[in-house]
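Reviewing the structure listed below.
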Amino acid sequence: MRALAYDAVMAPLGWVGLNAARRQLVEGLSGRVLEVGAGTGLALPGYPDSVTSVTAVDVDLGALTRARERRSGVALLQADAQALPFADASFDAVVSSLVFCCVDAPATALSEVMRVLKPGGELRLLEHVRAPSRVLATAQDLLTPAWRKLSGGCRLNRDTFRLVETAGFRVVRREQRLGGMGEFIFARRP
């Protein structure tokens, strides 16, 4: 039921730009791709033909069941971003959208992403993040405790960009949107 509710909430956001942002997130990728926190698979239809394989993981088995309907040929696996069950240097790219706000130990998850990426491999994130505006950031801080309970752990005020840098990735592109409350982060494993 949570998967259906998630899709219902995401549908209007998709119509106003989130679907296009997800397509932009995966545009130009190639090789073996891991999608962390795939949820119900909303990004799966957008992968280009240059991607030879997609492996999608999520902690929610119900969401993965729904994701199976979105794209054939995807390997779906129930797994936690904080303990990825893959060998070192297994993937050419790792993609994640609207996930790192919910991960309890994002530094651990980013360390795992670094481990499973090949040297030079690409990390692509689409996240909502802590706003650069002091007023908006304060509002996020005030709303986060209640929002976290309602949304299953989402933190509106996480500074994901700083976490990516601290994890040792080399950021090659950062594009802020929605007054800095949303952003693309494209980075590479050194």
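Values in this text are rule-based calculations from the coordinates and carry no lab data. Note that this is a predicted model, so its numbers are computed, not measured. Here Cβ is always computed from backbone atoms with ideal geometry, including for glycine, and neighbour counts include all displayed protein chains.
Nearest 500 deg cm²/dmol is fine: what mean residue ellipticity at 222 nm does the chain get from its DSSP H runs of n ≥ 4 alone, each adding -39,500 (n - 2.57), divided by its residue count?
Working: 6 runs with 63 residues, N = 190.
Here the helix-only value at 222 nm equals -10000 deg cm²/dmol.
Mind pulling the per residue volume of the convex hull built on the Cα atoms of the chain? Å³ is fine. Please list the in-between numbers first.
Details: hull volume 20.6 nm³, N = 190.
Expressed per residue, the convex hull around the Cα atoms of the chain is 108 Å³.
State, in angstrom, two size descriptors of the range 89-190 derived from its alpha carbons: Rg to one decimal place and Dmax to the nearest whole number.
According to the Cα coordinates of the range 89-190, Rg and Dmax are 13.7, 42 Å.
Would you mind telling me which residue in 173, 155, 130 has the biggest mean-square fluctuation in a Gaussian network model of the chain, where springs connect alpha carbons within a distance under 10 angstrom?
Fluctuation is largest for 173.
Evaluate the charge dipole of the chain about its Cα centre and quote only its size in Debye, nearest 20, assuming +1 on the Cβ of each Lys and Arg and -1 on the Cβ of each Asp and Glu. If you can, show how the numbers build up before the last one.
Values: 24 positive and 19 negative charges, 58 e Å.
Result for the chain is approximately 280 debye, rounded to the nearest 20.
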